[in-house]
1. Just rank 78, 47, fewest to most, by other beta-carbon atoms within 10 angstrom.
2. Which residues does the label zone of residue 138 cover in the stretch 74-99, counting backbone N under 17 Å from a point 7 Å along Cα→Cβ?
3. What is the distance in Å between the Cα centres of the stretch 31-60 and the stretch 67-106?
4. Give the calculated FRET efficiency between residue 68 and residue 128 to the nearest 0.05, with a Förster radius of 35 Å applied to their Cβ-Cβ distance.
5. Got a sec? How would 46, 65 order by Cβ neighbour count within 10 Å, fewest to most?
6. Could you line up 156, 66 from fewest to most neighbouring Cβ atoms inside 10 Å?
C-alpha cells in the first residue's frame, strides 16, 4: 500500500470520528458571540425555538465559551423564557466554571474553554409553538470580559 492511500484512509477515519462526535441529536443548538468589548449587563442573547412535540422529554443545556483569563470561577445569568401563550418565566442561575484550586471544568486546548451545563434533564414543554429564551449576564460588573459565546442546546432525552 502506498503512502498516499494510507494518508487517505487515516483522513477518512478521522473524518468519520469527527462527524459522529458532532452529531448530538440536538433539536436546537445555537450560540451567540458576545463580542470583543465584553458582555454588557443589559445585552441579552436571544434564542427562538419552535417546539412541536409536548410528549417527548428533552434535556436543556447552556453552552459557554470563555478564556482562561476570565477572572471569576463562576457566572451568574438571568434566564427568561417566553412561552407560546405569552407567559414569561425568569430564573437566576449560577454556573460553576472552576474548582477551588482554579482548574477550569471546561474542555479545550489553549486559552479557550468550552463548557455545556445541564439546566433541566427530562423536561417536557407544556405547549406547542414558539419559545423565546434570553440569557443575560448577572454578575456585579457592568461589562463582563473574557466570555466569548453563550448558547443553548435542547436535545431529546436519552
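1. Working: 78 15, 47 20.
Result, fewest neighbours first: 78, 47.
2. 74-82, 88-97
3. 12
4. Details: r = 42 Å, r/R0 = 1.20.
After rounding, the FRET efficiency stands at 0.25.
5. 46, 65
6. Fewest-to-most ranking of 156, 66: 156, 66.
Each reported figure results from applying straightforward, stated rules to the coordinates on display, with no laboratory input. Everything numeric here is computed off the predicted structure, so don't read it as measured data. Because the Cβ atoms are built from the backbone with ideal geometry, glycine has one as well, and the counts that use them run over all protein chains shown.
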